[in-house]
Amino acid sequence: MTDTTKSETLIENAIRTRRPRIVIAGEFSAGKTRLLNALMGQNVLPSNVTSTSLPPMWLLQRGGSPMRLDLDGEWHAVDDISEVEVSTTKYCLLPSDAPILEHFDLIDTPGNSDPNIPPESWERMIAYADLVIWCSNANQAWRQSEKSVWNDMPDRLKRHSAIVLTHADQIPDERSRGKVLRRVERDAKDFFHSFDLLSALDANDIAGFADRLISNVTGIADLTGALAPEQDDLPNLIPNAVTAPTDIAATDVKTPSDGQIQPRRIVPKSQTSKHASFCDRPATNRPGTLLDLESKVASAISGPLDENKLIAMPIKSDTAILALTTAPASASPVILAGPARLAWNRISQDTDMTDPVAILASVDALIHEIDDQDGFGHQYDSAANVPRQIKA
Ligand SMILES: Nc1nc2c(ncn2[C@@H]2O[C@H](COP(=O)(O)OP(=O)(O)O)[C@@H](O)[C@H]2O)c(=O)[nH]1
Ligand SMILES: [Mg+2]
């Protein structure tokens, strides 16, 4: 991860106190789960006809094991996510170390218009969304039933949501693809911020979409989705809290390996100029508590690079390389010992962790330190933005 990107992610997460949430929704078998798996770079969720009856799946970067929230607000451990009952489950929480979850949470939903699933099952997840990715099969894109759904969607979601026309590989030629996209752009222009036509089977399509998504989401100033206080009660939300170590093996979600999707490296564009500064953000951008601030700072700047999780992807000359960090391989409270962690420990040792202003001041100090020094021990002249020699 470049210094700039690392600091930006850190700042964004610190200000927001939570990551943006993307709800992936759309009609039955539109390709929602397949798209989610492709973005994740791993088959985290089963994507096939029989699995469409699963409840909403909330993927996020944190420690802990898969959990299920029932309709009465009680949490239960989950052994096998493909067995979870949709009729009694509000959603499942799936911890994952997928790098894309550094930027946002992803929530997969069961299909709209699925005769076996009550619409409340996906509709209730809309409250949590900061934006929606609406999947629509390009072979029959943007049907009347989809438009009816969006006529009832809250206006707050129309500012940032995306429509993705899937199955582009099944549209015979470029001309036909252009025609489909233009029609949907015209008919659905009131509802979406962006329009994409892609094949979830094409790594280049997915890489391009992921880049655009990260750019768009990073630029969103207002996170309007509802809080999820039910998650505050879960153990291990704060890595540094003194809790019993969790069996990390239990955090491995089932990954049916059909070999179709390879782990990939996301290469987001540098967004420096589009970002408001730390202090420019209005207070309304700070929903929730500051309790997991330290874990977010830590996860933004730490963890070893796992080459096994990378494959070669085309890198455009105008993109900044994001050296992906993975979540620590242990869910035990002490997870980090790198220079950034040591710096944070030093800077925050006298910080009152119950005082948001004090915490933000410490984060600011840490950011300054990171800006002045990259992860390889080189120091940077922040004014000229060039490396400078460290004197022995
Ligand atoms: N050819 C092709 N198949 C796709 C694409 N996206 C999804 N699929 C397939 O369409 C079927 C339904 O996809 P799934 O993700 O389970 O749909 P969901 O019900 O919306 O989650 C699965 O067999 C997927 O492999 C795509 O872009 N191209
Ligand atoms: Mg699905």
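The values are calculated or read from the model by the stated rules, or taken from the named source; none is laboratory data. Predicted model, so just to flag it, every value in this text is computed and none were measured. Please note: Cβ atoms are built from the backbone with ideal geometry, for glycine as well, and neighbour counts cover all protein chains shown. Areas reflect the complete protein model, heavy atoms only, side chains present, ligands, DNA and RNA absent. Shrake-Rupley method; radii C 1.70, N 1.55, O 1.52, S 1.80 Å.
Details
- The listed residues are 93, 101, 35, 45, and the only one of them that is away from ligand 1 (no atom under 16 Å from the Cβ), in contact (Cβ under 8 Å) with a residue 12 or more places away in the chain and either more than 21 Å from the chain's Cα centre (by Cα) or outside any strand (DSSP E or B) (or both) turns out to be 101.
- Where residue 180 falls short, out of the listed (1) within 19 Å of residue 22 (Cα to Cα); (2) of a type in the set (A, V, I, L, M); (3) not in a loop (DSSP other than H, G, I, E, B): (1)
- Taken over region 116-151, the criterion of being crowded, with 17+ Cβ neighbours inside 10 Å, more than 20 Å from residue 195 (Cα to Cα) and not hydroxyl-bearing (Ser, Thr, Tyr) is satisfied by 117, 122, 125.
- Checking residue 204 against (1) closer than 17 Å to residue 27 by Cα; (2) touching a residue at least 60 places away in the same chain (Cβ under 8 Å); (3) not basic (Lys, Arg), the condition it does not meet: (1)
- The number of residues in region 87-98 that are of a type outside the set (Ser, Thr, Tyr) and open to solvent by 20 Å² or more (accessible area, probe 1.4 Å) comes to 2.
- The requirement of being surrounded by fewer than 20 Cβ atoms within 10 Å (Cβ to Cβ), of a type in the set (Asp, Glu) and at pLDDT 95 or above is not satisfied by residue 230.
- Members of region 152-171 that are within 13 Å of ligand 1 (Cβ to nearest atom) and open to solvent by 70 Å² or more (accessible area, probe 1.4 Å): 169, 170
- Residue within region 189-204 that is basic (Lys, Arg), in a helix (DSSP H, G or I) and surrounded by fewer than 16 Cβ atoms within 10 Å (Cβ to Cβ) present: no
- Test: residue in region 132-149 that is under 17 Å from the mean Cα position of the chain (by Cα), outside any loop (DSSP other than H, G, I, E, B) and more than 16 Å from ligand 2 (Cβ to nearest atom): no
- Verdict on residue 113 being within 15 Å of ligand 2 (Cβ to nearest atom), over 24 Å from residue 217 (Cβ atoms) and open to solvent by 50 Å² or more (accessible area, probe 1.4 Å): yes
- Sole exception among (1) within 13 Å of ligand 2 (Cβ to nearest atom); (2) at pLDDT 95 or above for residue 40, by number: (1)
Every residue, every condition in (1) modelled with pLDDT under 95; (2) within 24 Å of residue 209 (Cβ to Cβ); (3) among the small types (Gly, Ala, Ser); (4) more than 10 Å from ligand 2 (Cβ to nearest atom), yes or no:
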position: 47; (1), (2), (3), (4): yes, yes, yes, no
position: 84; (1), (2), (3), (4): yes, no, no, yes
position: 104; (1), (2), (3), (4): no, yes, no, yes
position: 107; (1), (2), (3), (4): no, yes, no, yes
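- For residue 29, the requirement of being in a loop (DSSP other than H, G, I, E, B), within 13 Å of ligand 2 (Cβ to nearest atom) and either free of Cβ contacts under 8 Å to residues at least 12 places away in the same chain or surrounded by fewer than 21 Cβ atoms within 10 Å (Cβ to Cβ) (or both) is met.
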